[in-house]
Structures are given as C-alpha cells and as structure tokens.
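Heads up, the thing below is written out as structure tokens.
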Amino acid sequence: MSESPVLELVELGKSFGSLPVIGGVNLAIAEGERHAVIGPNGAGKSTLFNLISGLFPASEGEIRLRGRRISGLAPHEINRRGLSRSFQITNIFHRLSVFENLRIGVMARHGLRFSLFRPVERLGAVNREAREILERIRLADEAERAAGDLTYSEQRALEIGMTLATGADVILLDEPTAGMSREESDRAVELIREVTEGKTLLVVEHDMSVVFSLCDRVSVLVYGNILACGTPDEIRRNREVQEAYLGEELA
Amino acid sequence: MLARILAIALLLLVLVAVPPFIGIGWQNAMVNMLIASLFAVAFNLLIGQAGLLSFGHAAFFGVGAFATLHLMLAVEEGALPLPTPLLPLAGAAAGCLVGAVAGYFATIRSGVYFALVTLAIAELLHSLAPHWEGLFGGEAGLSSMRLPWAGLAFGTSLEVYYLALAWTSLSIGLLWAYTRTPFGRLTLALRDNEQRVRFMGYNTHATKVIIFAISAMFSGVAGALLALSNETANYSLFATHVSAQVVLHTFVGGATVFFGPIIGASIFTLFAFFVSDATRSWLLYQGLIFVLVMLYAPHGIGGLLALHLRHWSRLRLRELLPGYLLAAASGLGLAGAVIFLVEISAVLFSPGYQAQRRQLETGYPPIQLFGLEWVPLSPLTWVVPLVLAAVGALLLPPARRRLRLAWDRILERAEAERSSGSLEPAEEVGR
Amino acid sequence: MEFLVISTLNGVIYGLLLFMVSSGLTLIFGMMGVLNFAHASFYMLGAYIAYTITGLVDFWVGLLLAPILVGLLGVLVERYLLRRVHAFGHAHELLLTFGLAFIFEELVKLFYGDFPVNYAMPDYLRFPAFTIFGTDYPFYRLFIGLVAIAMFVALYLLLSRTRVGLVVRAAERRPVMAEALGHNVPLVFMGVFGTGAAFAGLGGAVAGAFFPTNPNMALELGVIVFVVVVVGGLGSLSGSLLASLLIGLFSSFAVGLDWSLAGAVAMVGLGDWARELGGLFTLTVSSISGTVPFLLMLIVLLVRPAGLMGERS
C-alpha cells in the first residue's frame, strides 16, 4: 500500500492575529479512507476544515490534494479540484426547491457556470443526475418543496446531498449529525455510508458512536495539535486521549 | 401555465391595439410607462434576483441615453446609415460595457458598501458630465433627430410608442428567458447564499460581474428609448432622482416577483400622468406609498398578487370579502384624510394664497378644492378630515382581525394539502 | 496669500459643519448598522424649523429649539418606523430611510415652497470678525465654527466622562452583552439616533442662516456627508472629523483653482495641442471640485473600506 495520500496536511498552522488556533498539524489521508477528527470544543476542528476548504489562508504549512498544493486557492478552485465540504450550520438555498438546490451543484460539475442560452429544463443529463442524488438522499418526495421548509434532519440530508452534487471525491462533513436524535443520527450515518461509497471521507464529529460505526481512522485534535491518530479502538484505549477528554465522550 | 400565456397575450393585444385611439398625451405617458418598466425589471435583476442593492442605476440608464444620442448624431451626419429601430443597440452596448467595468469594481464589495460604490459611480458621472462637452454635451446636453427609415417617419409619438413597445417587450422577454437558464437559477442561489455558491465551485465575483453587466445593458436600452423619444439627453439623467425613482417603482411593485417592478413602474408613471395636473404633491404621495409598503407589505403589490395567485384554489370569497371591504373602507378613510390635509395645506401655504391673504389683511379667504369651497377658519372644514381619519382608524383593527383569520384558514388548508401529498412549487422569482 | 488664508478658514469651518452632520450619521451606523439616508434631512429640517421659530419668536430661541425638535423627530422615527422594519433586514432599513428622505423633502416643499426661504441671522450678528488683506471676514462664519467645536467638545465629554457615554460605548461594541447586563439597549439606540438627528438639526439651524436654505439642501449636503463618513470610516467619530476637515479644505481650495491638465502641459509647450483635444485636458480643478470627493469615496471603498480610521472587519 504505497499509494500516496489523497489529502495531506503538512505542518499546518493558523493564527488569528496573535492568537494561535492550530499548530504543526500533520495528517495523511489515503484514498477511500474514512477519517474522523474529534476533540473538545474550541480545539480547532472547524478551523481545520475552513483551512482545507479554502475559507481562509493558512499561516504556516501546506495542504496537498493528490500531491498538488491547494493551500492558498480560492474555495471554488478547491471544489473544482475535487474536494467538497458540508457545513455545521445548515448552509442551503432556502428559497429554492430541494431539487434546485442539488441541481446547482450538478450544473457546476458539468461546467455549466455561465450557461445563458438554453432553458434549464432541457439539460437532460444534469436534471437526471440531480434526481438521482435526490433519490439517494431519500428526499424525492420533497423535490419541489422550498428547502427552507424542510425539517431539520431533512435539511441536514440535503446539506450532504449538495456536498456530493458537485461530484467531488474527497468529502468533508462538518458535524453531520449535530442536533439529531439517536434515531436520526443512525439514519444519517447509514445515508452517509451509502452515498460516500468509494469516496474519501473526512468527518468532524462529537458523537462517538457515529465515529465508531463509520470511520476507519480517527485523529484527536486538542488545543490545535493532533494528540493521537489511529483506529477507533486504539484511540479509545489511549491514555492521553482519555485524560484530555476527561473520559466524557469515550463512554 | 395556459392562463398565464393568455393573460400576457391579452395584455400585448391591448398594448398594440389601443394606443391609436388615445390622445398624444396618453401615448407619451405610455412610452414613459414602458421605459420605466424596462428600467425597473433590469434593476430588479440585481436586487430581486441576485440580492445586490444598487443606488446608482441612473448611471447605466444615462450612459445608454448618451450613447444612443451619439449614434443618432452620427446617423444624422450620414456617417453611419443605421436604421432608426436599431439605435437602442447603442444603449445596450454602452450599458453592457460600462456595467461590466463598474460591476467589476462594485461587486468586490457587498451589502451597504456595494450600495455606496454604486452611488459613488452615479454621483461621479453626475458631477463630471456637465463639465465634459465632448462626451456629454456639457450643461445643455446632446440633441439630435430621429431619422426616417423604410417609409416610417418616426415623427409621431405613436410611431415612437410602437418602437418602444417592441424593444420593451423583446427586452423583458429576454430577461424572463434569463430566469429560466442555468445562469438565471444560479443568480437566485447567489441571493440566498453566496458563500455556498462559492463552495460549490463557482467564481462568484465573475458571476456577479456578468449579472451586473446584463442589468446595466437593459438599463441602457431603457435609457436609449428615452433618448429616442425625447431626442435629447443631459447630465440630469445621472441625478439621484432617477436612481431613486427606479428603486421606488421596484419595491412598491414588489422585488420578489418578476412582474412586480412592471406593476410598480406602470402604476407610478400612469398615475403621475393622471394626477400631476390635479395636484403638485404627487411626489409626496409617492413617497408615502413607498414607506407604507416598506412598513406593511414588504413584498410589494406584486408580492400580494403572487400570494393570492399561489393560493387561488384555496381562497373563499365569503371569508375574504368582509375583511377586504373593511380594509378598503379603512384605507379610503385614512387616505382621504391625508389627501385632504395635504391638498388644503398646499393651498394654504402657497404664495398665491399668501398674496390673497395680504390683500384682505385679516382672515383667511375661502379655498376651492375638490370642486367645493372651504372656509379655513370654520370647524366644518376640519371636521371632514377628522371624520375620515376616525372612520379609517376605527375600521382598521377589525379589518386586520378578519383578514388575519381568513388568511390563517387559507394557510391551514395549504398545510393540510401539503401533508396529504399534493405539493407546492417553491416560492421564487420567475415561478 | 489671501486666497490661502481665506480658503483655509472657510475650509475648516465648512469641514466643522460637515462634521456636525456626519457625526450623527457615523455614530448611528457604527451602533445600529443602519446607513440613515434621511440624516441630511434632519439638517434641512433643523434649518427650516429654526427659520419658522425665528419668524415667530426669536433667532436664539430657534437655534435652541430646532435641534431639540429635530431630535424628538429622530426618536419617533427610530421607535416607530425603523424598529418595525428591522426584522426585514438591513436592505429594508436602508430603503425605509431612503423613503423618509424623499418624504421630508416633499413635505418641506409643501409647506415652504420649492424655492429658497429667507432664513438669515439677525442684523446685530452681521459684523466682520476681523479684516484680513483688505476683506472683511464675517463673524457669523466663525460662529458656525464655534458652535461646531462646542458640540464636538460636549460630545467627547459625554461619551468619555459620563455613565451614559459609557453605556453608549458598550452598547456600540457589544449590544447583546450590554443588554444582558441590564442596560436598556433599545432605549440607548433611540437616544443615539435622536442625538445624532439633533446634532444634524443644530448644524442646519446654525448654517441655514448663512448658507441658502432650500428644499435641495438635504440632497446637496447628503451626498457629501456620505463621502465624509465613508472616507473617515463608517462608525468612527474621529475619522469623521478628520475626513470632514479634509473634504472641507479641499472643496474650499478647489473652487478657486483654475489648474487643468492643459495648463500643466503648457509648461512644456504643449498647451495648444492639449486645449485642442479638449475633453479631459481642459477640465479645470475648479470644475471637477464636485467630482473629486466621489472619486475619493470610490477609492476608499474599493481599496480600504474601513476608511481613514475605521476598524477593519
């Protein structure tokens, strides 16, 4: 298994003014891997995602996607290179229909970014694909409903669908089960497993059962540093991690 | 769908067939209505669809007018034998070009800052134009003539009207078609959540520049039509007033529905034509209507209409009629009181009346208003607005209560239908 | 030399006047995020109310009452109108103030006519403060400057030395926290809006007696005040003061300068060629004196929207 990692973080650091949030983060994620990033609140997990997806530039270090540098690129350029992220606070198009929300992503995948001269209904392939994704995230019944009118977990499912619609194969999910009940979480996890089949997945999570059922490897981020990295079992048994976490979430 | 096509066909039929039978004054008013409608729809591309509020759209309107006038001058001198009906192309080209440049810079910023950039650009042009003879004709502006083409003299206001109608219909049709294209859908997404659009692989700055250029292009066409109609243009086209009017028209008509701005522009221009002889306070009424709409009907008249259309099958005349009748009565009472007070004040404070008073030395001479004579010092005079206002104020709470009840029921029915499976199209511009 | 001194004096005083009006605008934006398009209307209303009271009672009573009445109007506007549309978003607030500016202008035209009114200072104030280079410099001009300085000092002391000022500053930075600590933040907003309006009204009352008082004064001053507030930095009082003086001085000097590009290249003998070209080359500084502020505003907005002294956010 000497494949080069699909996503690599090299000595990644970020400070806001004089406030360091992340420092010396090194991480290599293999193709097809399902990787979770866990850690206490304020550890810098969201910042990590924001750095990788290009929301703001890193202060030090590099981010490489398939060996090519993506740190410093704009979010839309990173997305076109095949990396897509979801948001912890649902970030959908409230006034458009569910179907339309997905179609925006599919249009981008087909390079239809400045398409002014044909009606959107005639885009056969695009519409078909959008419908496919709609079915896979199990929202086919809500196709025409305004996205802002969906229930919370339906919106989270749409959030994941939109992240996939652009055809990226490296998927970053930011707390996908935030605010969900046990049942909803279980269903969400099943959905995530299905739709990210064959893709590389990086998930920020607080819910440990989600991490255990979904992920191959786990990194623990504490005070902006990676404390430990390994399989879920290894992490569970790690003394340092237990101390850092005060045992709460490793129940 | 069919109903909509029929409605538009009927409207076009009226617009084509009726004008030969109305006077020149009316025809001119209709031309102004067409120009204002196109300008408003073009403006709304930015705010209603893309969510970008521009306070300086007069810039592109004016640029379109001046470009067209330059082309007209060139045609007049024989340098360019362009058919008169094609002249608005100059407005389109100039609007598009200047819009692209202005938009490139303006869309670097967002929100209030974006609005201020657009304001600055318009003010820049407004202050520069009167001093720039070559491009803008200095303070006097530019003037030219419509030249005949293909047997049509383009001398009468009727011919100008049909030219304007053709261009306006074509332009608005294109702007409608825009909303059905992938880029048009992207524009709506941009308004909802620009950040997400960016993270889905779109260069939002480039996207916004194109939207801005298109909006400016059609604003330029509207300006071109004005230049053709008036055969003149000067720097006052860049004034705040022009930018203000299009904002008023758009929001009173409703920015969230495609045809909203057309309604606002049409109502205001036609009413201005009707009413400007009867009262000099027309602009005050316009401002009051705008503020009232902003406070109580943020989606404008178009929004209200769209609401009714969307729930058409669920409306019950029996439930709604009492509420609407009460609301109408209340509205008439309050409006009547306001109009009375404004009009009588206009007379009382006018220089003419002050002169009359000075002649009599004491007392207040009677005032002619609404075909009746009013004695200012008599309490009877002031009882009228008082009673109107009282009636209006008293009827308002029951009107609101009934309307709220009726609409609660309508929305309940909608909710029931939704959960039983029959679906609702999402609320969006163009739908 | 005469030109230099007079222009400087005029410029500083005009700048101080701009500051009287822009201080309220920038405070309101900094605190409530609302760019009040109707702010210059308060300036205009101050002038007209002072004019009316002067006609009925006395100039000084007018000067005293006008700002108070305008301030009250500001409070009413904030409480009953602005607060209502707050829920619809910033764009709606902007639009509402825009509509109000429109209405105020039309109301003034309704009651006072669409032409200037003869609002003037009483005769005993019409004396020269000093004579310089043979011209008399009117005392009233200095008076305007003095009122502005007094206002600035009062504002500074109020904000930095009093409890009310402390609460206002806290509410500006952290409104939610200030409210959580028990302060009535909506009341503070109302007070700030009203005070800002009152200052603008004072500016109008004092300046209207010297400069023309007409329904167009809100629009004319309004756009310049926007430039000032942007260049100084939205939300920054000191930036507003600095920018006001800058723009005041520039306007004052530029009006008297007949420099042009053609004049400049005439120094190397290309004057006639440039004058033939016309267009941009023959534009004099004095004729584009109205344009430069907007150019400056554009540059600031595009390059450094925080302005001279605003906070980067």
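The values are calculated or read from the model by the stated rules, or taken from the named source; none is laboratory data. Owing to the predicted nature of the structure, the values given are computational and were not obtained by experimental measurement. Cβ placement follows ideal geometry from the backbone for every residue including glycine, while neighbour counts extend to all protein chains displayed. Surface areas here come from the heavy atoms of the whole protein model, side chains and all, with no ligands, DNA or RNA. Shrake-Rupley method; radii C 1.70, N 1.55, O 1.52, S 1.80 Å.
Being more than 10 Å from every other protein chain (Cβ to nearest Cβ) and either open to solvent by 10 Å² or more (accessible area, probe 1.4 Å) or modelled with pLDDT of 90 or more (or both) is true for just one of B:311, B:249. Which residue is that? Let's see the steps before the verdict.
Working: B:311 fails: either open to solvent by 10 Å² or more (accessible area, probe 1.4 Å) or modelled with pLDDT of 90 or more (or both).
Just one listed residue meets the conditions, B:249.
The number of residues in segment B:220-235 that are touching a Pro at 6+ places or on another chain (Cβ under 9 Å) and open to solvent by 30 Å² or more (accessible area, probe 1.4 Å) comes to 2. With respect to the conditions (1) farther than 25 Å from residue C:5 by Cβ; (2) open to solvent by 60 Å² or more (accessible area, probe 1.4 Å); (3) not polar (S, T, N, Q), residue C:152 falls short on a single one, namely (1). Of the residues A:49, A:56, the single one that is in contact (Cβ under 8 Å) with a residue 12 or more places away in the chain, part of a loop (DSSP other than H, G, I, E, B) and within 14 Å of chain B (Cβ to nearest Cβ) is A:56.
Are there strands (runs of 3 or more DSSP E) fully within segment A:1-43 with at least 3 residues that are surrounded by fewer than 21 Cβ atoms within 10 Å (Cβ to Cβ)? List them.
On the way: elements: A:7-16, A:19-29, A:34-38.
The strands (runs of 3 or more DSSP E) meeting that bar are A:7-16, A:19-29.
Selection of segment A:100-132 for residues being closer than 16 Å to residue B:200 by Cβ, open to solvent by 20 Å² or more (accessible area, probe 1.4 Å) and more than 8 Å from chain B (Cβ to nearest Cβ) yields A:110, A:111, A:129.
On the given criteria, is residue C:213 touching a helix residue (DSSP H, G or I) at 6+ places or on another chain (Cβ under 7 Å), within 24 Å of residue C:107 (Cβ to Cβ) and open to solvent by less than 10 Å² (accessible area, probe 1.4 Å)?
In short, yes.
Can you tell me which of B:95, B:99, B:64 is at pLDDT 95 or above, under 19 Å from residue B:204 (Cα atoms), open to solvent by less than 50 Å² (accessible area, probe 1.4 Å) and not hydrophobic (A, V, I, L, M, F, W, C)? Before the answer, list the steps.
Values: B:95 fails: under 19 Å from residue B:204 (Cα atoms); B:64 fails: under 19 Å from residue B:204 (Cα atoms).
B:99 is the lone residue from the list that is at pLDDT 95 or above, under 19 Å from residue B:204 (Cα atoms), open to solvent by less than 50 Å² (accessible area, probe 1.4 Å) and not hydrophobic (A, V, I, L, M, F, W, C).
With respect to the conditions (1) surrounded by fewer than 23 Cβ atoms within 10 Å (Cβ to Cβ); (2) more than 28 Å from residue B:181 (Cβ to Cβ); (3) not β-branched (Val, Ile, Thr), residue B:15 falls short on a single one, namely (2).
How about segment B:280-297: which of its residues are hydroxyl-bearing (Ser, Thr, Tyr) and touching an Asp or Glu at 6+ places or on another chain (Cβ under 8 Å)?
In the first step, residues of segment B:280-297 are kept if they are hydroxyl-bearing (Ser, Thr, Tyr); the result is B:281, B:285, B:296.
The answer is B:281, and nothing else.
Working only within segment B:355-406, note down all residues that are in a helix (DSSP H, G or I), of a type in the set (S, T, N, Q) and surrounded by 11 or more Cβ atoms within 10 Å (Cβ to Cβ). Show your work before the answer.
Going through segment B:355-406, the residues in a helix (DSSP H, G or I) turn out to be B:355-360, B:379-406.
Then keep just the ones that are of a type in the set (S, T, N, Q); that gives B:356, B:359, B:381.
Once the filter is applied, which keeps residues that are in a helix (DSSP H, G or I), of a type in the set (S, T, N, Q) and surrounded by 11 or more Cβ atoms within 10 Å (Cβ to Cβ), segment B:355-406 yields B:356, B:381.
The set of residues in segment B:298-337 that are assigned to a helix (DSSP H, G or I), without any contact (Cβ under 8 Å) to a residue 60 or more places away in the chain, touching a helix residue (DSSP H, G or I) at 6+ places or on another chain (Cβ under 8 Å) and not hydrophobic (A, V, I, L, M, F, W, C) comprises B:300, B:302, B:303, B:336. Among the helices (runs of 4 or more DSSP H) confined to segment B:132-207, the ones with at least 2 residues that are more than 10 Å from chain A (Cβ to nearest Cβ) are located at B:133-136, B:157-179.
Residues that are basic (Lys, Arg), part of a helix (DSSP H, G or I), crowded, with 18+ Cβ neighbours inside 10 Å and within 14 Å of chain B (Cβ to nearest Cβ): does segment C:92-111 have at least one?
Just the residues of segment C:92-111 that are basic (Lys, Arg), to begin with: C:109.
With part of a helix (DSSP H, G or I) added as a condition, the list becomes C:109.
Then keep just the ones that are crowded, with 18+ Cβ neighbours inside 10 Å; that gives C:109.
So of that shortlist, the ones also within 14 Å of chain B (Cβ to nearest Cβ) come out as C:109.
Looking through segment C:92-111, at least one residue is basic (Lys, Arg), part of a helix (DSSP H, G or I), crowded, with 18+ Cβ neighbours inside 10 Å and within 14 Å of chain B (Cβ to nearest Cβ).
Does residue B:361 satisfy the criteria of being closer than 30 Å to residue A:142 by Cβ and of a type in the set (D, E, K, R)? First the steps, then the outcome.
Working: closer than 30 Å to residue A:142 by Cβ: no; of a type in the set (D, E, K, R): yes.
Answer is no for this residue.
Residues in segment C:125-141 include none that are surrounded by 15 or more Cβ atoms within 10 Å (Cβ to Cβ) and within 13 Å of chain B (Cβ to nearest Cβ).
Scanning segment B:407-422 for residues that are closer than 16 Å to residue B:307 by Cα and open to solvent by 60 Å² or more (accessible area, probe 1.4 Å) yields B:408, B:409, B:411, B:412, B:415.
Note on segment B:253-292: residues that are assigned to a helix (DSSP H, G or I) and more than 23 Å from residue B:35 (Cα to Cα) total 3.
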